[in-house]
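The values are calculated or read from the model by the stated rules, or taken from the named source; none is laboratory data. It should be emphasised that the depicted structure is a prediction, and the values quoted were computed from it without experimental measurement. Note that each Cβ is placed from the backbone with ideal geometry, even for glycine, and that neighbours are counted across all protein chains shown.
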C-alpha cells in the first residue's frame, strides 16, 4: 500500500497532499496545474518534497524527519510518461530489455513472455520504434516498466497525446494490466471518463491539495 503525506512549494502552487492507495488502481484526478504530476514525481523520487513521508508497504521512500530520501533507482517504481520516452535507435525487444537491465535484474524468460503476451506485442518485437503507432509505443513503454519488476506503477496521463482511435486501442490493455498484473497502479488524468472506467478509487486534486478520496461508484465533485 502506498501512503504519502507531502508538502512542496513550487511557487505557482503549494502542494499539500495526504492520502493512501490500497486498491488495484488509484486515480489522481483534477485540472491541469493542480499538482497531480508533481505528486507522482515525488513518489518516483524525481521531485523532493520539502517535508513529509512516503512509503510503499514497509519500504520508506522518503522521510524528512529521518532524513531518508531513497534514490530513484532503488525505489522499484515503474513510470510511464505522457511521451513514451523509448529509444528510437533500438527495436521493441531491446527497449523492453532496458527495463530489466537498468535495474541489473537477471533475465526471466517466463516473466518476459508473460508481459509480451499481456500487452499483445509479440508481432512487433523486431520493429523499430518509429514504425509503431502511438498506442503501440505506449504498450512498449508499459512493458519496459513492467520488466523492471516494480512494486508500483505510475502513469502520467499516458493517453494525453493519443487520438481517439489510439486511446480506444490502448485502454483495454490498461484494464487488463489492472486486473492481471497484480501490481498497484497510480494513474494521473484530468479526464473523468478515464478514471471512472479504470480506477477503483479516486483522489481529487485542486490547487495543490488532495481534497477527497472517493470510489468510482461515487460522483466526482
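Tabulated results
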item	result
Strands (runs of 3 or more DSSP E) enclosed by segment 21-82 - at least 1 residues per element that are more than 21 Å from residue 202 (Cβ to Cβ) and modelled with pLDDT of 95 or more	51-56, 59-63
When residues of segment 180-207 are limited to those that are in a helix (DSSP H, G or I), over 20 Å from residue 140 (Cβ atoms) and within 15 Å of the chain's Cα centre (by Cα), the one modelled with the lowest pLDDT	194
Any chance residue 40 is under 18 Å from the mean Cα position of the chain (by Cα) and in contact (Cβ under 8 Å) with a residue 60 or more places away in the chain	yes
Any chance residue 54 is touching a strand residue (DSSP E or B) at 6+ places or on another chain (Cβ under 8 Å) and exposed (fewer than 14 other Cβ atoms within 10 Å of the Cβ)	no
Single match in 165, 145, 141 (criterion: part of a helix (DSSP H, G or I) and either farther than 23 Å from residue 191 by Cβ or more than 17 Å from the chain's Cα centre (by Cα) (or both))	165
Restricting segment 208-221 to residues that are assigned to a strand (DSSP E or B) and either at pLDDT 70 or above or in contact with a helix residue (DSSP H, G or I) (Cβ under 9 Å, 6 or more places away or on another chain) (or both), the residue that is surrounded by the most Cβ atoms within 10 Å (Cβ to Cβ)	210
Odd one out for residue 123, checked against (1) exposed (fewer than 15 other Cβ atoms within 10 Å of the Cβ); (2) part of a strand (DSSP E or B)	(2)
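Table: residues versus (1) closer than 21 Å to residue 2 by Cβ; (2) surrounded by fewer than 15 Cβ atoms within 10 Å (Cβ to Cβ).
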residue: 143; (1), (2): no, no
residue: 146; (1), (2): yes, no
residue: 157; (1), (2): yes, no
residue: 166; (1), (2): no, no
residue: 175; (1), (2): yes, yes
residue: 179; (1), (2): yes, yes
residue: 188; (1), (2): yes, no
